[in-house]
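The values are calculated or read from the model by the stated rules, or taken from the named source; none is laboratory data. Just so it is clear, the model here is predicted, and its values are computed rather than measured. Please note: Cβ atoms are built from the backbone with ideal geometry, for glycine as well, and neighbour counts cover all protein chains shown.
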Amino acid sequence: MKLAVVSHILPPSPSGQAMVLYRLLKGLPAESYCLISCEDYSRNDRPFSAASSRLAGRYYALTKPEPLQINVMQRLKLHKTMIVLNTALLIFDWARQLRDILRKEHCEAIIACTGHPYDLPAASLAGLLTGLPVIPYLFDDYLYQWIGFDRTLARWFEPSIIKHARSIIVPNEYTQQEYRVRYGVQSTVIHNPCELPDLGALDAAERMFDDHETAIVYTGSVYHAHYDAFRNLISSLALLKNANARLHIFTAQPEEQLVQNGLSGPQVVYHSHVPQSEVALLLRKADVLFLPLAFDSPIPEVIRTSAPGKIGEYLASGRPILVHAPQDTFITWYFRKHDCGIVVDNNDPMVLTTELARLLSDPKHARDMGIRARARAELDFDVDIAVKQFQHIMHGSGQELPDYRKGANTD
């Protein structure tokens, strides 16, 4: 079964989606898949903050067609019409390019990932043109990931994409339930996988933080999906009697951006992005790992079903995790259900302060929480388990699959 993987972001880009694809595909022979993106990954001078290495499969870049032009006098009246026409032109042109790549590579199935508004419709259309099965990989809720015109576009295309999908992959149970309710379809959950580090070897290494400091660590991107949760924690640190507690943020975002959004203070320490090879040690040496999602966000539907790629790595580190996110979100449900983290789902720094103080004052509770976290990583996020799930879906794509449109139970 030769696969074509369509994604706006690919390894070795430093993103959760790229890392998931890397972990699922790295063990496959180069001739068993190809990678297609609207970004050009063929240039050796492309600046990557290498979270992984390049995959062995062949990379292809989709090119954008020249947009239709209108004169200045028509611009105001036809602006919206031209946006629609140029969008349709791009999607049809990408579908044509995909068709040609699929035929050249003799592909037998298409994995179409979310992350760009046009990837799913173009891949679905290419599937219709070639007769190949299309498997949407919904890293996020495709409909609500966008705002404005792109959400309208997603609302037009999503029903057809789901209708013609041979099977569907989602990263968590909340996304699975959302699409079950929305379209009456079933999907397969593959939690965003991670490598399970040797904790004994990590413990033998030197501590990375001051011995007299309580290090609260966050790793990854920081943007509007996190801001107010971070501000609550910073306020809590000011209220906490433990004056040695520090929030260490490891991110590729510029420090100026964090400061502009209120993520600063005497107890906040900014660090640049660290290589993926160093993440496990960094997490293991932390006292607490912080897992936030915003309470006030322009994309609350996405927040509800969000499964940050770092969850597995946090759990695998065996450290206590502080989850600060709204009620009725996947991460609050998961950590509360399995009792593998401290959950604060109130948008209140005082409540956060109380729970954080309780965690820091009870070392045994913190250790037990870390042990349960590691156990969940081994059950739900082990990359070997995820690869087996992925390959099972792929091997079934060209044969007899369960009919996902009839509600076959794949939980």
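Under the condition of being at pLDDT 95 or above and not aliphatic (A, V, I, L, M), which residue from segment 196-213 is surrounded by the fewest Cβ atoms within 10 Å (Cβ to Cβ)?
Per the criteria, the residue is GLY200.
List the pairs whose first member sits in segment 362-379 and is touching a residue at least 24 places away in the same chain (Cβ under 8 Å) and on the phi < 0 side of the Ramachandran plot, whose second member is surrounded by fewer than 18 Cβ atoms within 10 Å (Cβ to Cβ) and of a type outside the set (Ser, Thr, Tyr), and whose Cβ atoms are under 7 Å apart, counting only residues at least 6 apart or on separate chains?
ARG372/HIS338; ARG372/ASP339; ARG376/HIS338
Among the hydroxyl-bearing types (Ser, Thr, Tyr), within 17 Å of the chain's Cα centre (by Cα) and either on the phi < 0 side of the Ramachandran plot or exposed (fewer than 14 other Cβ atoms within 10 Å of the Cβ) (or both): is that true of TYR223 in this structure?
Numbers: among the hydroxyl-bearing types (Ser, Thr, Tyr): yes; within 17 Å of the chain's Cα centre (by Cα): yes; either on the phi < 0 side of the Ramachandran plot or exposed (fewer than 14 other Cβ atoms within 10 Å of the Cβ) (or both): yes.
In short, yes.
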